[in-house]
Amino acid sequence: MTDSLLSLVSVYGVWVLGISIFLSCMAVPLPTSLLLLVTGGFIAGGEVTLTQALLVGSIGAISGDQAAYLVGRYGGKLLLDRFARAPHRRKLVDKASNLLHKRGFLTVFFTRWLVAPLGPYVNLAGGASGLSHRQFSLGSISGELVWVFGYIGIGYAFSSSISLVSDILSNATGLLAAACVVVGLLFWLRAALHQRPDAKS
């Protein structure tokens, strides 16, 4: 699939990039970070214009986030309620919602580019948990601009070593995502232990 998408970008230009990014924000598994890097390489080679790539990539990312947020807002609550029928799951859902409410902007902002694999799920959870649209949008727009401009810029600067740079970035992103999950679980475990009836006051 990756090779097919890359060939489509070279033939049809940045519109393939914009559509792919939009779908990835809706949790469709597409290699959009790699597409951004390669687009930077195409810019360096004169096949794509910088302005078009930045504009279409940013619009695709921001509009995809908004669409996923709205899906979560109007349909995600039913899914969360079904998931949270068991009491222990209800606590997890409530804690996730509280985290988004307390640190909504930062959660959305950092999952656009630093831990991007978590981004689509934060979009849905943000809408389902009732995170304010303004707060979500601020985190989404600022974070997506960092992601689109950053990855295209890296692809442009290292156009002769796209494959190596892609491997380095994907490994780093995967490690960061795993670290965030582990830290989140540790915080949840700590809170759960403190809530035990026999816990020290």
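The values are calculated or read from the model by the stated rules, or taken from the named source; none is laboratory data. Everything numeric here is computed off the predicted structure, so don't read it as measured data. When we count neighbours, we look across all protein chains shown, and the Cβ atoms used for this are built from the backbone with ideal geometry, even at glycine. All accessible areas refer to the heavy atoms of the entire protein, side chains included, with ligands and DNA or RNA removed. Shrake-Rupley method; radii C 1.70, N 1.55, O 1.52, S 1.80 Å.
Restricting to region 116-130, name every residue that is touching a Phe, Trp or Tyr at 6+ places or on another chain (Cβ under 8 Å) and of a type in the set (A, V, I, L, M).
Passing the criteria: 116, 124.
Search region 14-43 for residues that are without any contact (Cβ under 8 Å) to a residue 60 or more places away in the chain and farther than 24 Å from residue 76 by Cα and pair each with any residue that is open to solvent by less than 40 Å² (accessible area, probe 1.4 Å) and of a type in the set (Phe, Trp, Tyr) when their beta-carbon atoms are under 6 Å apart and the residues are at least 6 apart or on different chains.
none
Is it fair to say residue 155 is surrounded by fewer than 18 Cβ atoms within 10 Å (Cβ to Cβ), in contact with a Leu (Cβ under 9 Å, 6 or more places away or on another chain), at pLDDT 85 or above and under 20 Å from residue 35 (Cα atoms)?
Answer is no for this residue.
Exactly one of these conditions fails for residue 71: (1) open to solvent by 60 Å² or more (accessible area, probe 1.4 Å); (2) modelled with pLDDT of 90 or more; (3) β-branched (Val, Ile, Thr). Give me its number.
(2)
Can you tell me which residues in region 3-21 are open to solvent by 40 Å² or more (accessible area, probe 1.4 Å) and either among the small types (Gly, Ala, Ser) or closer than 26 Å to residue 71 by Cβ (or both)?
Once the filter is applied, which keeps residues that are open to solvent by 40 Å² or more (accessible area, probe 1.4 Å) and either among the small types (Gly, Ala, Ser) or closer than 26 Å to residue 71 by Cβ (or both), region 3-21 yields 4, 7, 8, 10, 15, 19.
Filter region 124-144 down to the residues that are assigned to a helix (DSSP H, G or I) and free of Cβ contacts under 8 Å to residues at least 40 places away in the same chain and list them by number.
Across region 124-144, the qualifying residues are 134, 135, 138, 139, 142, 143.
Sort out which residues of region 22-50 are open to solvent by less than 20 Å² (accessible area, probe 1.4 Å) and over 20 Å from residue 159 (Cβ atoms), and write them in order of number.
24, 25
Quick one: count up the residues across region 1-36 that are of a type outside the set (Phe, Trp, Tyr), at pLDDT below 90 and more than 16 Å from the chain's Cα centre (by Cα).
Residues in region 1-36 being of a type outside the set (Phe, Trp, Tyr), at pLDDT below 90 and more than 16 Å from the chain's Cα centre (by Cα): 13 in total.
Do the conditions hold for residue 121, that is, is it modelled with pLDDT under 85 and either in a helix (DSSP H, G or I) or surrounded by fewer than 20 Cβ atoms within 10 Å (Cβ to Cβ) (or both)?
When the stated conditions are applied, residue 121 passes them.
Please verify whether region 51-68 includes one or more residues that are buried (at least 22 other Cβ atoms within 10 Å of the Cβ), in contact with a helix residue (DSSP H, G or I) (Cβ under 7 Å, 6 or more places away or on another chain) and farther than 24 Å from residue 115 by Cα.
no
Restricting attention to region 131-152, which residues are of a type in the set (A, V, I, L, M) and open to solvent by 40 Å² or more (accessible area, probe 1.4 Å)? Can you show your working first?
In the first step, residues of region 131-152 are kept if they are of a type in the set (A, V, I, L, M); the result is 131, 138, 141, 145-146, 148, 152.
Hits for region 131-152 are 138, 141, 145, 146.
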